[in-house]
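The values are calculated or read from the model by the stated rules, or taken from the named source; none is laboratory data. Here the structure is a predicted model, which means the values were calculated and not measured. Because the Cβ atoms are built from the backbone with ideal geometry, glycine has one as well, and the counts that use them run over all protein chains shown.
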């Protein structure tokens, strides 16, 4: 315990540097993306930068706001302007630049929370350690996703909600409205969480502040709708159509129970490790300081539970808030380490394993690497596949696409002229035994592997995870 105290009492700059190194390493070593939407309604709109324009950021049937993709588009265009022509490396620049910006905003939010709640040096540094090593943070918060780039702004809004709740200053209230509005611009569903800045003045019966917050929020809402008017012909086109689309077609993407988000958050917070009886004065103080956080969390869960489709990635936006909520409980246990040694060692072990896998094993790696390989081998004109594996690859990372993915079967492949070097065959790992007669006559040119999580996902549910397998590329040529 004494060694832990000595470590946590180091200057805060040590922990800032440590956090920076971890996040920088993740951004450099992990080029993966999490969701299909992130690729098809995100990456493909701003990559390659050579073909992306303001007019192509959103498709006619999109319900996304052009403002959501604008940060990625701007960085990709800047990368092209300085001579980065490879679409893949344009994408990496987007990850790096937006990741650094998100990290800086998060550090600012976390330090402001520590100042607001008058944390000791130890607790401030412990909070930074949680941001650094919480398993769901470094990777998820540095992706060019709407959920990721909006998360720091919602975190700032939450901190300023606490500041206003504790001191009642008008400037904290108005700054909070601004931060919540920024989160809304980048992910419109988060605008619902801005209601905290209406509820708090009402609870305090500060009518002047209530009207000031309402007026500022209305002005910012109007400003956010203007780009839609010029780009899509209707004021707040995206917000209106997003709401209608989710209501009418949400069930097309799945129908998960209302308990989905509470249970997901329960798991993300590793809650079983924190179940114990805490001192009443500790609980009262914590609840008083955190009531704004709990209201924001409730608003988030309430809105997202109204619609049938519920995706895990949506909670990325509230990861910093979950860290804020868990922090006092984990710090309390750490301060009483001897009494909770087994609990904490188990918690840190589970989190450490998840942190390592989530941070340094890129998702969709097989699809990305196959695209890069084909980009570097323009002599390949036709890539044959079986059983729709892969169903797609990240073609946005190919600058001048010259190949075509063609469906085939065992009989056709056996009769194919593989001396033609324009032909190649890609086979998923699970199809290799079936196609051994064909592949034994060919040369294995490349293998595109997947991470441990994707391997496990395929083994547990092969039917819905066929893209999460190692891909093997064969050719008849040297």
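See the values below:
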item: Criterion violated by residue 314 - all others in (1) in a helix (DSSP H, G or I); (2) closer than 25 Å to residue 124 by Cβ satisfied; result: (2)
item: Matching residues, the stretch 431-461, being in contact with a helix residue (DSSP H, G or I) (Cβ under 7 Å, 6 or more places away or on another chain), in a helix (DSSP H, G or I) and surrounded by fewer than 17 Cβ atoms within 10 Å (Cβ to Cβ); result: 437, 452, 453
item: Residue within the stretch 333-351 that is assigned by TED's automatic domain parsing to the domain that holds residue 285, modelled with pLDDT of 95 or more and within 24 Å of residue 102 (Cα to Cα) present; result: yes
item: Flag if residue 416 is touching a residue at least 24 places away in the same chain (Cβ under 8 Å) and in a strand (DSSP E or B); result: no
item: Boolean, residue 154 is closer than 16 Å to residue 106 by Cβ and either outside the structural domain of residue 292 (by TED's automatic domain parsing) or touching a helix residue (DSSP H, G or I) at 6+ places or on another chain (Cβ under 6 Å) (or both); result: yes
item: Selected residue (criterion: nearest to residue 161 (Cα to Cα)) from residues of the stretch 89-111 that are in contact (Cβ under 8 Å) with a residue 60 or more places away in the chain and surrounded by 21 or more Cβ atoms within 10 Å (Cβ to Cβ); result: 109
item: Test: residue in the stretch 248-264 that is touching a residue at least 24 places away in the same chain (Cβ under 8 Å), over 27 Å from residue 109 (Cβ atoms), in a loop (DSSP other than H, G, I, E, B) and within 18 Å of the chain's Cα centre (by Cα); result: no
item: Answer from 25, 65 - the residue that is surrounded by fewer than 20 Cβ atoms within 10 Å (Cβ to Cβ) and either over 15 Å from residue 94 (Cβ atoms) or touching a residue at least 40 places away in the same chain (Cβ under 8 Å) (or both); result: 25
item: Per-region count, the stretch 373-393, residues free of Cβ contacts under 8 Å to residues at least 12 places away in the same chain and crowded, with 16+ Cβ neighbours inside 10 Å; result: 1
item: Counted residues, the stretch 265-279 - those being within 22 Å of the chain's Cα centre (by Cα) and surrounded by 14 or more Cβ atoms within 10 Å (Cβ to Cβ); result: 4
item: Leading residue by the ranking (farthest from the chain's Cα centre (by Cα)) among those in the stretch 410-430 that are surrounded by fewer than 16 Cβ atoms within 10 Å (Cβ to Cβ) and under 22 Å from residue 458 (Cβ atoms); result: 410
item: Candidates 299, 303, 322 - the one that is assigned to a helix (DSSP H, G or I) and within 23 Å of residue 204 (Cβ to Cβ); result: 299
item: Qualifying residue in the stretch 224-234 (condition: under 24 Å from residue 63 (Cα atoms), outside any helix (DSSP H, G or I), free of Cβ contacts under 8 Å to residues at least 24 places away in the same chain and touching a helix residue (DSSP H, G or I) at 6+ places or on another chain (Cβ under 9 Å)); result: yes
item: Members of the stretch 169-193 found to be more than 21 Å from the chain's Cα centre (by Cα) and without any contact (Cβ under 8 Å) to a residue 40 or more places away in the chain, listed by number; result: 169, 171, 172, 175, 176
item: Identity of the residue in the stretch 200-209, surrounded by 15 or more Cβ atoms within 10 Å (Cβ to Cβ) and in a helix (DSSP H, G or I), that ends up nearest to the chain's Cα centre (by Cα); result: 200
